[in-house]
Amino acid sequence: MARATTVSLREKKQKGQKITMLTAYDFPTAQAMDEIGIDMILVGDSLGNVVLGYETTLFVTMEEMIHHTKAVTRGARNTMVVGDMPFLTYHLSVEDALRNAGRFMQEGGAQAVKLEGGRERAAVVKAVVEAGIPVMGHLGLTPQSVHQLGGFRVQGKDVETAKKLIEDARALEEAGCFSIVLECVPSALAERITKEISIPTIGIGAGAGCDGQVLVSHDLLGLFSGHVAKFVRQYAQIGKIMRESFKAYKDDVESGSFPAEEHCYGIKDEVLSKLY
Ligand code: KIV
């Protein structure tokens, strides 16, 4: 399958075909997604939560993101990879944002970057797009602003904030974004935004009216125990399988049943006998 592009994604929207996106942070996961033909892989800064064990995404660095983006692009031979710009890597100046976005492409091998925020990021988006780097926006619950937002909560529930979201989506489209993630937004509002702009919306906790969907792969796979957000559909309980497998291995080593004959390498008796 040919790698998705900003053009083919927009065509999908026009044809009413749904766009699929998942997060990945390593080579084998990216390879699996590449094989099944997912449209886009996001190397999300959710890396901080689900892989690195940070409390929030605010601690994620450029070096960590580049390291994992490289692993993902090695596995994603035919899939568009979007690198998520970490907190404070596009806030300080346009030059800074350009340099960091460029690193995702040049060092990470990504085909696009994502950054959080609305009209306040328009100048940065415009500059990065003008440098030839496709930018995906991210509105609604933007985890890098969790302290400002007062927690992980649904956004755009009153007239003022809903209007602001619509205006922000328009501003990002005008600035040149090729797509926008809508996170934790009421479904009817996400649908309204989707109809108002010509670029694809990718929802997470934003209902079925978006042009596409994204989930954090660890959530979908049930890779860890703990709170599961309302918008997640879990397709497996891999965390449970991991724990059971590790426990069985531990028991087998302790009881002496592993390794068994079939796991061992032989040596000729004549060789052994000459050792003494
Ligand atoms: O970091 C991430 O995984 C994200 C998705 C939740 C959209 O930004």
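The values are calculated or read from the model by the stated rules, or taken from the named source; none is laboratory data. Please read all numbers here as calculations on a predicted model, not as lab measurements. Please note: Cβ atoms are built from the backbone with ideal geometry, for glycine as well, and neighbour counts cover all protein chains shown. Just the protein is used for accessible areas: all its heavy atoms, side chains included, with ligands, DNA and RNA removed. Shrake-Rupley method; radii C 1.70, N 1.55, O 1.52, S 1.80 Å.
Of the residues making up the stretch 243-266, none is within 15 Å of the ligand (Cβ to nearest atom), in a helix (DSSP H, G or I) and not aromatic (Phe, Trp, Tyr). Among the residues making up the stretch 127-145, those that are among the hydrophobic types (A, V, I, L, M, F, W, C), open to solvent by less than 10 Å² (accessible area, probe 1.4 Å) and not in a loop (DSSP other than H, G, I, E, B) are 128, 135, 136, 139.
Across the stretch 89-126, what is the total count of residues that are assigned to a helix (DSSP H, G or I) and under 25 Å from residue 71 (Cβ atoms)? Selection size over the stretch 89-126: 11. Search the stretch 43-57 for residues being β-branched (Val, Ile, Thr) and more than 7 Å from the ligand (Cβ to nearest atom), and hand back the single one that is nearest to residue 138 (Cα to Cα). This residue is 43. Tallying residues that are more than 20 Å from residue 179 (Cα to Cα), outside any helix (DSSP H, G or I), modelled with pLDDT of 95 or more and open to solvent by 30 Å² or more (accessible area, probe 1.4 Å) within the stretch 54-85 yields 3.
Of the helices (runs of 4 or more DSSP H) lying entirely inside the stretch 1-52, those containing at least 2 residues that are closer than 24 Å to residue 132 by Cα and open to solvent by 30 Å² or more (accessible area, probe 1.4 Å) span 6-15.
Among the residues of the stretch 118-148, what is the count of those that are within 25 Å of residue 228 (Cα to Cα) and within 14 Å of the ligand (Cβ to nearest atom)? Residues that pass the stated criteria total 10. If the condition is being in contact with a Phe, Trp or Tyr (Cβ under 6 Å, 6 or more places away or on another chain), touching a residue at least 40 places away in the same chain (Cβ under 8 Å) and closer than 19 Å to residue 105 by Cα, then the stretch 44-68 contributes only 68.
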